[in-house]
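One structure is given below, encoded as C-alpha coordinates.
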Amino acid sequence: MAFALVGLSAIQIYWVHNAIGIKEQQFQENVGRALYNVVYKAEKIEAAHYIKIHRLSEFAVGGRMGQNQSKDIGLDSSCCHFPSHANSKDDLSEYVTGEGKLLKRSRSALLAQFEQEINTTFDRAGIDEIKSGMVSDIINDMMNMQKSRVEERIDPGIINLLLEEELLREGLNTAFYFGVLSQTQGVELKQKAASDEKLLLTPYKIKMFPGEFSVYPSYLSVYFPRERGFLWKSMIGVMSISAIFIAAIIFVFWYSLSIILNQKKLAIVKNDFINNMTHELKTPISTISLACEVLKDRSIPKDQERLDHYVEVINEENKRLGILVENVLQSAVWDRPDFKLNKIELNVHELIQQVVDRSHVQLDAKNGQIETTLLATAPLLDVDRIHFTNVLYNLIDNAIKYCKDKPVIHLSTRDAEEGMVIQVSDNGIGISKENQKKIFEKLYRVPTGNLHDVKGFGLGLSYVKAIIDQHGGEIQVRSQLNQGTTFSIFIPKKSEL
(Lines give C-alpha, C1' and ligand atoms only; values in the text may rest on other atoms or scores of the structure.)
Protein backbone atom coordinates (compact mmCIF):
# COMPACT_ATOMS: atom_id res chain seq x y z
CA MET A 1 0.00 0.00 0.00
CA ALA A 2 2.86 2.37 0.82
CA PHE A 3 4.41 1.60 -2.56
CA ALA A 4 1.10 2.38 -4.28
CA LEU A 5 0.83 5.68 -2.36
CA VAL A 6 4.35 6.71 -3.38
CA GLY A 7 3.67 5.67 -6.98
CA LEU A 8 0.41 7.62 -7.25
CA SER A 9 1.96 10.68 -5.61
CA ALA A 10 4.91 10.48 -8.02
CA ILE A 11 2.52 10.30 -10.98
CA GLN A 12 0.67 13.37 -9.74
CA ILE A 13 3.92 15.30 -9.26
CA TYR A 14 5.17 14.20 -12.70
CA TRP A 15 1.88 15.31 -14.27
CA VAL A 16 2.05 18.72 -12.57
CA HIS A 17 5.69 19.10 -13.62
CA ASN A 18 4.79 18.37 -17.24
CA ALA A 19 1.86 20.79 -17.07
CA ILE A 20 4.17 23.52 -15.81
CA GLY A 21 6.60 22.74 -18.64
CA ILE A 22 3.78 23.07 -21.19
CA LYS A 23 2.73 26.37 -19.63
CA GLU A 24 6.31 27.66 -19.83
CA GLN A 25 6.56 26.65 -23.48
CA GLN A 26 3.23 28.30 -24.24
CA PHE A 27 4.37 31.44 -22.40
CA GLN A 28 7.55 31.58 -24.49
CA GLU A 29 5.60 31.13 -27.74
CA ASN A 30 3.16 33.88 -26.77
CA VAL A 31 5.99 36.25 -25.92
CA GLY A 32 7.68 35.42 -29.23
CA ARG A 33 4.55 36.24 -31.20
CA ALA A 34 4.05 39.46 -29.27
CA LEU A 35 7.64 40.60 -29.89
CA TYR A 36 7.36 39.80 -33.62
CA ASN A 37 4.21 41.89 -33.90
CA VAL A 38 5.80 44.72 -31.93
CA VAL A 39 8.89 45.07 -34.16
CA TYR A 40 6.75 44.69 -37.30
CA LYS A 41 4.39 47.46 -36.19
CA ALA A 42 7.27 49.62 -34.97
CA GLU A 43 8.93 49.40 -38.38
CA LYS A 44 5.63 50.15 -40.08
CA ILE A 45 4.98 53.16 -37.86
CA GLU A 46 8.51 54.46 -38.42
CA ALA A 47 8.17 54.25 -42.22
CA ALA A 48 4.74 55.88 -42.26
CA HIS A 49 5.87 58.62 -39.92
CA TYR A 50 8.98 59.34 -42.03
CA ILE A 51 6.94 59.59 -45.25
CA LYS A 52 4.55 61.96 -43.51
CA ILE A 53 7.27 64.36 -42.40
CA HIS A 54 8.99 64.22 -45.84
CA ARG A 55 6.90 67.21 -47.00
CA LEU A 56 3.96 65.02 -48.03
CA SER A 57 1.80 66.68 -45.42
CA GLU A 58 1.39 69.73 -47.67
CA PHE A 59 -0.88 67.61 -49.84
CA ALA A 60 -3.03 66.48 -46.93
CA VAL A 61 -6.72 67.15 -47.06
CA GLY A 62 -9.39 66.96 -44.43
CA GLY A 63 -11.18 63.85 -45.63
CA ARG A 64 -10.26 60.22 -44.69
CA MET A 65 -8.87 58.03 -47.51
CA GLY A 66 -10.19 54.64 -48.29
CA GLN A 67 -8.44 51.57 -46.97
CA ASN A 68 -6.67 50.85 -50.27
CA GLN A 69 -5.28 54.41 -50.54
CA SER A 70 -3.92 54.30 -46.99
CA LYS A 71 -2.05 51.10 -47.74
CA ASP A 72 -0.29 52.76 -50.69
CA ILE A 73 1.89 54.72 -48.26
CA GLY A 74 2.14 51.97 -45.65
CA LEU A 75 -0.07 53.53 -42.98
CA ASP A 76 -3.14 51.52 -41.92
CA SER A 77 -5.61 53.04 -39.50
CA SER A 78 -6.11 49.57 -38.01
CA CYS A 79 -2.38 49.19 -37.29
CA CYS A 80 -2.60 49.76 -33.57
CA HIS A 81 -5.29 49.71 -30.89
CA PHE A 82 -3.40 50.76 -27.79
CA PRO A 83 -4.83 49.96 -24.34
CA SER A 84 -6.58 52.99 -22.94
CA HIS A 85 -5.75 52.32 -19.29
CA ALA A 86 -2.60 53.55 -17.57
CA ASN A 87 -0.12 51.24 -15.91
CA SER A 88 -0.12 53.29 -12.71
CA LYS A 89 -1.70 56.31 -11.10
CA ASP A 90 0.82 58.54 -12.93
CA ASP A 91 0.91 57.89 -16.72
CA LEU A 92 4.40 59.41 -17.03
CA SER A 93 7.08 56.86 -18.04
CA GLU A 94 10.85 57.38 -17.87
CA TYR A 95 13.51 55.87 -20.14
CA VAL A 96 17.31 55.99 -20.16
CA THR A 97 19.48 56.04 -23.30
CA GLY A 98 22.89 54.40 -23.62
CA GLU A 99 24.51 57.81 -22.96
CA GLY A 100 22.53 58.17 -19.74
CA LYS A 101 20.05 60.70 -21.09
CA LEU A 102 16.69 60.61 -19.31
CA LEU A 103 13.58 60.62 -21.50
CA LYS A 104 10.12 61.25 -20.09
CA ARG A 105 6.99 60.30 -22.01
CA SER A 106 3.35 60.96 -21.23
CA ARG A 107 1.08 58.08 -22.14
CA SER A 108 -1.91 60.28 -22.85
CA ALA A 109 0.16 62.56 -25.11
CA LEU A 110 1.49 59.60 -27.09
CA LEU A 111 -1.99 58.20 -27.57
CA ALA A 112 -3.28 61.57 -28.78
CA GLN A 113 -0.34 61.97 -31.15
CA PHE A 114 -0.84 58.60 -32.79
CA GLU A 115 -4.57 59.05 -32.98
CA GLN A 116 -3.90 62.17 -35.03
CA GLU A 117 -1.28 60.49 -37.23
CA ILE A 118 -3.38 57.43 -37.90
CA ASN A 119 -6.29 59.66 -38.94
CA THR A 120 -4.11 61.81 -41.28
CA THR A 121 -5.11 61.35 -44.95
CA PHE A 122 -3.51 62.29 -48.22
CA ASP A 123 -4.90 63.34 -51.55
CA ARG A 124 -4.40 60.63 -54.16
CA ALA A 125 -3.59 63.03 -57.01
CA GLY A 126 -1.02 64.92 -54.95
CA ILE A 127 0.79 61.73 -54.03
CA ASP A 128 0.91 60.52 -57.69
CA GLU A 129 2.35 63.85 -58.72
CA ILE A 130 5.30 63.77 -56.36
CA LYS A 131 5.83 60.01 -55.97
CA SER A 132 8.29 59.62 -58.87
CA GLY A 133 10.44 62.50 -57.70
CA MET A 134 10.48 61.54 -54.04
CA VAL A 135 11.01 57.79 -54.06
CA SER A 136 14.79 57.85 -54.48
CA ASP A 137 15.22 60.56 -51.85
CA ILE A 138 13.05 58.72 -49.37
CA ILE A 139 14.91 55.46 -49.88
CA ASN A 140 18.30 57.14 -49.44
CA ASP A 141 17.18 58.96 -46.32
CA MET A 142 15.70 55.77 -44.82
CA MET A 143 18.98 53.94 -45.48
CA ASN A 144 20.84 56.71 -43.65
CA MET A 145 18.33 56.43 -40.82
CA GLN A 146 19.86 53.05 -39.84
CA LYS A 147 22.83 54.97 -38.47
CA SER A 148 20.62 56.98 -36.12
CA ARG A 149 20.11 56.14 -32.46
CA VAL A 150 17.09 54.03 -31.57
CA GLU A 151 15.31 56.82 -29.66
CA GLU A 152 15.62 59.02 -32.76
CA ARG A 153 13.98 56.42 -34.99
CA ILE A 154 11.05 55.43 -32.77
CA ASP A 155 9.85 56.82 -29.48
CA PRO A 156 10.42 54.42 -26.52
CA GLY A 157 6.94 55.25 -25.26
CA ILE A 158 5.52 53.80 -28.49
CA ILE A 159 7.48 50.59 -27.95
CA ASN A 160 6.02 50.39 -24.46
CA LEU A 161 2.47 50.87 -25.79
CA LEU A 162 3.00 48.29 -28.51
CA LEU A 163 4.33 45.76 -25.99
CA GLU A 164 1.33 46.33 -23.71
CA GLU A 165 -1.06 45.85 -26.61
CA GLU A 166 0.51 42.66 -27.96
CA LEU A 167 1.14 41.03 -24.58
CA LEU A 168 -2.44 41.63 -23.50
CA ARG A 169 -3.63 40.21 -26.81
CA GLU A 170 -1.65 37.05 -26.03
CA GLY A 171 -3.17 36.86 -22.55
CA LEU A 172 0.07 37.83 -20.75
CA ASN A 173 -1.27 40.33 -18.26
CA THR A 174 1.86 40.63 -16.12
CA ALA A 175 4.50 43.29 -15.49
CA PHE A 176 7.45 43.58 -17.87
CA TYR A 177 10.57 45.65 -18.51
CA PHE A 178 12.12 46.24 -21.92
CA GLY A 179 15.26 47.64 -23.46
CA VAL A 180 17.07 47.84 -26.81
CA LEU A 181 20.48 46.14 -27.08
CA SER A 182 23.26 46.27 -29.65
CA GLN A 183 26.42 44.23 -30.08
CA THR A 184 28.61 47.32 -30.00
CA GLN A 185 27.01 49.57 -27.39
CA GLY A 186 25.31 47.07 -25.07
CA VAL A 187 22.13 48.62 -23.69
CA GLU A 188 21.14 51.45 -26.04
CA LEU A 189 17.80 52.26 -24.49
CA LYS A 190 15.79 50.93 -21.55
CA GLN A 191 13.10 51.71 -19.06
CA LYS A 192 14.56 53.52 -16.09
CA ALA A 193 13.65 50.74 -13.62
CA ALA A 194 14.90 47.92 -15.87
CA SER A 195 17.99 45.88 -14.94
CA ASP A 196 20.85 45.81 -17.47
CA GLU A 197 21.88 42.32 -16.36
CA LYS A 198 18.39 40.86 -16.75
CA LEU A 199 17.95 42.53 -20.14
CA LEU A 200 21.18 40.90 -21.33
CA LEU A 201 20.34 37.45 -19.91
CA THR A 202 16.65 37.19 -20.81
CA PRO A 203 15.78 34.68 -23.56
CA TYR A 204 13.08 37.00 -24.92
CA LYS A 205 14.90 39.00 -27.63
CA ILE A 206 14.11 39.87 -31.24
CA LYS A 207 15.77 41.95 -33.93
CA MET A 208 14.51 45.51 -34.27
CA PHE A 209 13.55 46.70 -37.76
CA PRO A 210 13.64 43.18 -39.30
CA GLY A 211 13.18 44.55 -42.83
CA GLU A 212 16.62 46.17 -42.76
CA PHE A 213 20.00 44.63 -43.36
CA SER A 214 22.59 45.74 -40.83
CA VAL A 215 25.97 44.41 -39.77
CA TYR A 216 25.31 45.34 -36.16
CA PRO A 217 21.53 45.15 -35.68
CA SER A 218 19.69 46.21 -32.53
CA TYR A 219 17.52 43.83 -30.52
CA LEU A 220 14.40 44.40 -28.50
CA SER A 221 14.84 42.65 -25.14
CA VAL A 222 12.04 41.98 -22.62
CA TYR A 223 12.00 40.28 -19.22
CA PHE A 224 9.19 39.59 -16.75
CA PRO A 225 10.02 40.12 -13.05
CA ARG A 226 7.03 38.00 -11.95
CA GLU A 227 7.12 35.38 -14.67
CA ARG A 228 7.27 32.42 -12.27
CA GLY A 229 4.43 33.78 -10.16
CA PHE A 230 2.31 34.39 -13.29
CA LEU A 231 2.86 30.79 -14.43
CA TRP A 232 1.99 29.37 -10.99
CA LYS A 233 -1.09 31.57 -10.83
CA SER A 234 -2.25 30.27 -14.19
CA MET A 235 -1.72 26.72 -12.83
CA ILE A 236 -3.70 27.24 -9.63
CA GLY A 237 -6.65 25.17 -10.87
CA VAL A 238 -4.48 22.23 -11.90
CA MET A 239 -2.44 22.49 -8.70
CA SER A 240 -5.57 22.55 -6.54
CA ILE A 241 -7.00 19.44 -8.19
CA SER A 242 -3.66 17.64 -7.87
CA ALA A 243 -3.34 18.65 -4.22
CA ILE A 244 -6.85 17.36 -3.52
CA PHE A 245 -6.04 14.03 -5.17
CA ILE A 246 -2.78 13.65 -3.24
CA ALA A 247 -4.50 14.59 0.02
CA ALA A 248 -7.28 12.08 -0.69
CA ILE A 249 -4.73 9.34 -1.40
CA ILE A 250 -2.85 10.10 1.82
CA PHE A 251 -6.09 10.17 3.81
CA VAL A 252 -7.23 6.82 2.40
CA PHE A 253 -3.80 5.36 3.16
CA TRP A 254 -3.85 6.72 6.72
CA TYR A 255 -7.43 5.57 7.29
CA SER A 256 -6.71 2.07 5.97
CA LEU A 257 -3.56 1.83 8.06
CA SER A 258 -5.39 2.96 11.20
CA ILE A 259 -8.11 0.34 10.61
CA ILE A 260 -5.48 -2.37 10.17
CA LEU A 261 -3.69 -1.33 13.37
CA ASN A 262 -6.98 -1.15 15.30
CA GLN A 263 -7.96 -4.59 14.04
CA LYS A 264 -4.61 -5.93 15.12
CA LYS A 265 -5.02 -4.33 18.53
CA LEU A 266 -8.54 -5.76 18.88
CA ALA A 267 -7.28 -9.20 17.90
CA ILE A 268 -4.64 -9.03 20.65
CA VAL A 269 -7.20 -7.84 23.21
CA LYS A 270 -9.65 -10.55 22.13
CA ASN A 271 -7.02 -13.26 22.50
CA ASP A 272 -6.04 -11.95 25.94
CA PHE A 273 -9.71 -11.87 26.95
CA ILE A 274 -10.28 -15.43 25.80
CA ASN A 275 -7.15 -16.61 27.62
CA ASN A 276 -8.12 -14.82 30.83
CA MET A 277 -11.72 -16.01 30.65
CA THR A 278 -10.60 -19.59 30.05
CA HIS A 279 -8.20 -19.38 32.98
CA GLU A 280 -10.86 -17.85 35.25
CA LEU A 281 -13.54 -20.39 34.33
CA LYS A 282 -11.31 -23.44 34.55
CA THR A 283 -10.57 -22.92 38.24
CA PRO A 284 -14.13 -23.12 39.62
CA ILE A 285 -15.04 -25.81 37.10
CA SER A 286 -12.09 -27.92 38.22
CA THR A 287 -12.94 -27.36 41.87
CA ILE A 288 -16.59 -28.36 41.36
CA SER A 289 -15.55 -31.38 39.32
CA LEU A 290 -13.13 -32.50 42.02
CA ALA A 291 -15.75 -32.09 44.76
CA CYS A 292 -18.24 -34.12 42.74
CA GLU A 293 -15.69 -36.90 42.22
CA VAL A 294 -15.09 -37.06 45.95
CA LEU A 295 -18.79 -37.26 46.66
CA LYS A 296 -19.20 -40.04 44.09
CA ASP A 297 -16.24 -42.06 45.41
CA ARG A 298 -17.70 -44.67 47.79
CA SER A 299 -14.28 -45.55 49.17
CA ILE A 300 -13.99 -42.15 50.86
CA PRO A 301 -15.81 -41.98 54.21
CA LYS A 302 -18.43 -39.24 54.22
CA ASP A 303 -19.55 -37.84 57.53
CA GLN A 304 -21.99 -34.98 57.79
CA GLU A 305 -19.31 -32.35 58.36
CA ARG A 306 -17.36 -33.44 55.27
CA LEU A 307 -20.51 -33.54 53.16
CA ASP A 308 -21.43 -30.03 54.27
CA HIS A 309 -17.92 -28.84 53.42
CA TYR A 310 -18.04 -30.25 49.85
CA VAL A 311 -21.54 -28.90 49.31
CA GLU A 312 -20.36 -25.47 50.47
CA VAL A 313 -17.37 -25.63 48.09
CA ILE A 314 -19.63 -26.50 45.18
CA ASN A 315 -22.05 -23.73 46.15
CA GLU A 316 -19.31 -21.08 46.44
CA GLU A 317 -17.65 -22.07 43.17
CA ASN A 318 -21.04 -22.08 41.47
CA LYS A 319 -21.65 -18.53 42.70
CA ARG A 320 -18.22 -17.58 41.43
CA LEU A 321 -19.08 -18.96 38.01
CA GLY A 322 -22.31 -17.03 38.04
CA ILE A 323 -20.51 -13.79 38.87
CA LEU A 324 -17.98 -14.34 36.07
CA VAL A 325 -20.71 -15.05 33.54
CA GLU A 326 -22.73 -12.05 34.79
CA ASN A 327 -19.73 -9.76 34.33
CA VAL A 328 -19.31 -10.90 30.75
CA LEU A 329 -23.03 -10.48 30.02
CA GLN A 330 -23.12 -7.03 31.64
CA SER A 331 -20.28 -5.87 29.40
CA ALA A 332 -22.59 -6.31 26.41
CA VAL A 333 -25.44 -4.48 28.17
CA TRP A 334 -23.88 -1.23 29.46
CA ASP A 335 -22.63 -0.24 26.00
CA ARG A 336 -26.10 -0.40 24.48
CA PRO A 337 -27.67 3.02 23.76
CA ASP A 338 -30.95 1.95 25.38
CA PHE A 339 -29.21 1.04 28.67
CA LYS A 340 -30.96 2.93 31.47
CA LEU A 341 -30.39 3.16 35.22
CA ASN A 342 -33.07 2.85 37.88
CA LYS A 343 -32.11 5.94 39.86
CA ILE A 344 -33.69 6.82 43.18
CA GLU A 345 -32.68 9.15 46.00
CA LEU A 346 -30.41 7.23 48.38
CA ASN A 347 -28.06 7.99 51.24
CA VAL A 348 -24.65 7.34 49.67
CA HIS A 349 -22.97 7.13 53.09
CA GLU A 350 -25.19 4.18 54.00
CA LEU A 351 -24.33 2.43 50.71
CA ILE A 352 -20.62 2.97 51.36
CA GLN A 353 -20.89 1.57 54.86
CA GLN A 354 -22.69 -1.55 53.60
CA VAL A 355 -19.99 -2.18 50.99
CA VAL A 356 -17.25 -1.68 53.59
CA ASP A 357 -18.88 -4.15 55.98
CA ARG A 358 -19.18 -6.82 53.27
CA SER A 359 -15.58 -6.33 52.17
CA HIS A 360 -14.11 -7.28 55.56
CA VAL A 361 -14.06 -10.98 54.63
CA GLN A 362 -11.67 -10.36 51.73
CA LEU A 363 -9.61 -7.88 53.76
CA ASP A 364 -9.28 -10.27 56.71
CA ALA A 365 -7.94 -12.97 54.38
CA LYS A 366 -5.00 -10.65 53.52
CA ASN A 367 -4.78 -9.02 56.98
CA GLY A 368 -5.86 -5.70 55.45
CA GLN A 369 -7.87 -2.82 56.76
CA ILE A 370 -10.25 -0.17 55.42
CA GLU A 371 -10.89 3.29 56.82
CA THR A 372 -13.71 5.73 56.04
CA THR A 373 -13.87 9.51 56.35
CA LEU A 374 -17.36 10.54 55.35
CA LEU A 375 -17.40 14.35 55.46
CA ALA A 376 -20.05 15.18 52.88
CA THR A 377 -22.91 17.14 54.46
CA ALA A 378 -25.47 16.26 51.76
CA PRO A 379 -25.16 12.49 51.17
CA LEU A 380 -28.56 12.14 49.46
CA LEU A 381 -28.07 11.58 45.72
CA ASP A 382 -30.03 10.11 42.80
CA VAL A 383 -28.21 6.84 42.07
CA ASP A 384 -28.90 3.29 40.93
CA ARG A 385 -28.53 1.15 44.04
CA ILE A 386 -27.30 -2.02 42.32
CA HIS A 387 -24.91 -0.51 39.79
CA PHE A 388 -23.52 2.15 42.14
CA THR A 389 -22.89 -0.54 44.75
CA ASN A 390 -21.06 -2.58 42.10
CA VAL A 391 -18.89 0.45 41.30
CA LEU A 392 -17.73 0.67 44.92
CA TYR A 393 -17.19 -3.11 45.07
CA ASN A 394 -15.06 -3.02 41.95
CA LEU A 395 -12.81 -0.23 43.25
CA ILE A 396 -12.33 -1.90 46.63
CA ASP A 397 -11.79 -5.30 44.99
CA ASN A 398 -9.05 -3.83 42.76
CA ALA A 399 -7.43 -2.17 45.77
CA ILE A 400 -7.24 -5.56 47.48
CA LYS A 401 -6.09 -7.57 44.44
CA TYR A 402 -3.37 -5.15 43.32
CA CYS A 403 -1.56 -4.91 46.64
CA LYS A 404 1.55 -6.98 47.34
CA ASP A 405 1.52 -6.47 51.11
CA LYS A 406 -1.28 -5.86 53.56
CA PRO A 407 -3.87 -3.69 51.81
CA VAL A 408 -4.72 -0.39 53.46
CA ILE A 409 -7.73 1.27 51.85
CA HIS A 410 -9.09 4.73 52.64
CA LEU A 411 -12.59 5.68 51.47
CA SER A 412 -13.74 9.29 51.91
CA THR A 413 -16.42 11.72 50.79
CA ARG A 414 -16.54 15.51 50.63
CA ASP A 415 -18.86 18.18 49.33
CA ALA A 416 -18.29 19.64 45.87
CA GLU A 417 -20.03 22.33 43.90
CA GLU A 418 -23.36 20.85 42.80
CA GLY A 419 -22.46 17.36 43.95
CA MET A 420 -20.26 15.00 45.96
CA VAL A 421 -16.75 13.62 45.51
CA ILE A 422 -15.96 10.04 46.58
CA GLN A 423 -12.33 8.96 46.81
CA VAL A 424 -10.95 5.43 47.10
CA SER A 425 -7.21 5.30 47.91
CA ASP A 426 -4.93 2.29 48.39
CA ASN A 427 -1.29 1.39 48.95
CA GLY A 428 -1.07 -0.99 46.00
CA ILE A 429 1.39 -1.41 43.15
CA GLY A 430 0.18 1.71 41.32
CA ILE A 431 -0.35 2.38 37.63
CA SER A 432 2.16 3.93 35.22
CA LYS A 433 1.37 7.19 33.41
CA GLU A 434 1.16 5.37 30.09
CA ASN A 435 -1.37 2.82 31.33
CA GLN A 436 -3.51 5.39 33.19
CA LYS A 437 -4.84 6.58 29.83
CA LYS A 438 -6.07 3.08 28.91
CA ILE A 439 -7.36 1.50 32.12
CA PHE A 440 -10.96 2.54 31.40
CA GLU A 441 -10.93 0.87 27.99
CA LYS A 442 -12.96 -2.28 27.64
CA LEU A 443 -10.98 -5.55 28.03
CA TYR A 444 -7.77 -3.64 28.77
CA ARG A 445 -5.54 -5.03 31.50
CA VAL A 446 -2.26 -3.56 32.68
CA PRO A 447 0.48 -5.79 31.20
CA THR A 448 2.12 -8.15 33.72
CA GLY A 449 4.18 -10.29 31.32
CA ASN A 450 3.53 -14.01 31.72
CA LEU A 451 2.35 -13.65 35.33
CA HIS A 452 -1.33 -14.42 35.98
CA ASP A 453 -1.39 -13.93 39.74
CA VAL A 454 -4.21 -11.34 39.45
CA LYS A 455 -7.43 -12.63 37.92
CA GLY A 456 -9.81 -10.61 35.79
CA PHE A 457 -11.20 -9.90 32.33
CA GLY A 458 -10.35 -6.22 32.05
CA LEU A 459 -14.03 -5.31 32.41
CA GLY A 460 -14.16 -3.86 35.93
CA LEU A 461 -12.92 -0.32 35.37
CA SER A 462 -14.64 0.02 32.00
CA TYR A 463 -17.88 -0.93 33.80
CA VAL A 464 -17.15 1.64 36.51
CA LYS A 465 -16.55 4.36 33.91
CA ALA A 466 -19.75 3.47 32.02
CA ILE A 467 -21.90 3.60 35.19
CA ILE A 468 -20.41 6.90 36.37
CA ASP A 469 -21.03 8.39 32.92
CA GLN A 470 -24.64 7.19 33.07
CA HIS A 471 -24.97 9.08 36.37
CA GLY A 472 -23.71 12.25 34.68
CA GLY A 473 -20.52 12.19 36.74
CA GLU A 474 -16.79 11.97 36.20
CA ILE A 475 -14.04 9.63 37.35
CA GLN A 476 -10.33 10.45 37.56
CA VAL A 477 -7.28 8.46 38.57
CA ARG A 478 -4.08 9.61 40.25
CA SER A 479 -1.33 7.03 40.71
CA GLN A 480 2.40 6.36 40.85
CA LEU A 481 4.16 3.03 40.58
CA ASN A 482 4.64 1.34 43.96
CA GLN A 483 2.97 4.29 45.74
CA GLY A 484 -0.68 3.41 45.45
CA THR A 485 -3.66 4.69 43.51
CA THR A 486 -6.51 7.11 44.18
CA PHE A 487 -9.79 7.07 42.24
CA SER A 488 -11.93 10.22 42.51
CA ILE A 489 -15.61 10.04 41.56
CA PHE A 490 -17.82 13.10 41.17
CA ILE A 491 -21.60 12.55 41.30
CA PRO A 492 -23.93 15.53 40.71
CA LYS A 493 -26.82 16.20 43.04
CA LYS A 494 -29.24 16.01 40.17
CA SER A 495 -28.28 13.53 37.48
CA GLU A 496 -27.67 15.01 34.00
CA LEU A 497 -28.85 11.84 32.21
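Below are the figures for this structure:
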| item | result |
| --- | --- |
| Filtered residue count, the stretch 178-236, keeping only those that are over 22 Å from GLU152 (Cα atoms) and of a type in the set (Val, Ile, Thr) | 2 |
| Answer from LEU168, LEU189, LEU163 - the residue that is in the same structural domain as PHE27 (by TED's automatic domain parsing), touching a Pro at 6+ places or on another chain (Cβ under 8 Å) and not in a loop (DSSP other than H, G, I, E, B) | LEU168 |
| Test: residue in the stretch 368-386 that is assigned to a helix (DSSP H, G or I) and either modelled with pLDDT under 85 or not assigned by TED's automatic domain parsing to the domain that holds ARG478 (or both) | yes |
| Unmet criterion (only one of (1) outside any loop (DSSP other than H, G, I, E, B); (2) at pLDDT below 90) for THR184 | (1) |
| Residue within the stretch 465-484 that is over 19 Å from LYS343 (Cα atoms), in a loop (DSSP other than H, G, I, E, B), modelled with pLDDT under 80 and assigned by TED's automatic domain parsing to the domain that holds ASP357 present | no |
| Residue list for the stretch 355-403, filter: hydroxyl-bearing (Ser, Thr, Tyr) and under 28 Å from GLU345 (Cα atoms) | SER359, THR372, THR373, THR377, THR389, TYR393 |
| Count of residues meeting criterion [in a loop (DSSP other than H, G, I, E, B) and either buried (at least 21 other Cβ atoms within 10 Å of the Cβ) or free of Cβ contacts under 8 Å to residues at least 40 places away in the same chain (or both)] in the stretch 403-422 | 5 |
| The listed residue being β-branched (Val, Ile, Thr) and touching a residue at least 60 places away in the same chain (Cβ under 8 Å), out of ILE300, ILE246, ILE268, ILE288 | ILE246 |
| Residue list for the stretch 178-218, filter: closer than 20 Å to GLY32 by Cα and hydroxyl-bearing (Ser, Thr, Tyr) | SER182, THR202, TYR204, SER218 |
| Hits in the stretch 196-217 (condition: modelled with pLDDT of 90 or more and in a loop (DSSP other than H, G, I, E, B)) | THR202, PRO203, TYR204 |
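The values are calculated or read from the model by the stated rules, or taken from the named source; none is laboratory data. This is a predicted model, so every value here is computed, not measured. Every residue, glycine as well, gets a Cβ built from its backbone with ideal geometry; the counts of neighbours run over all protein chains shown.
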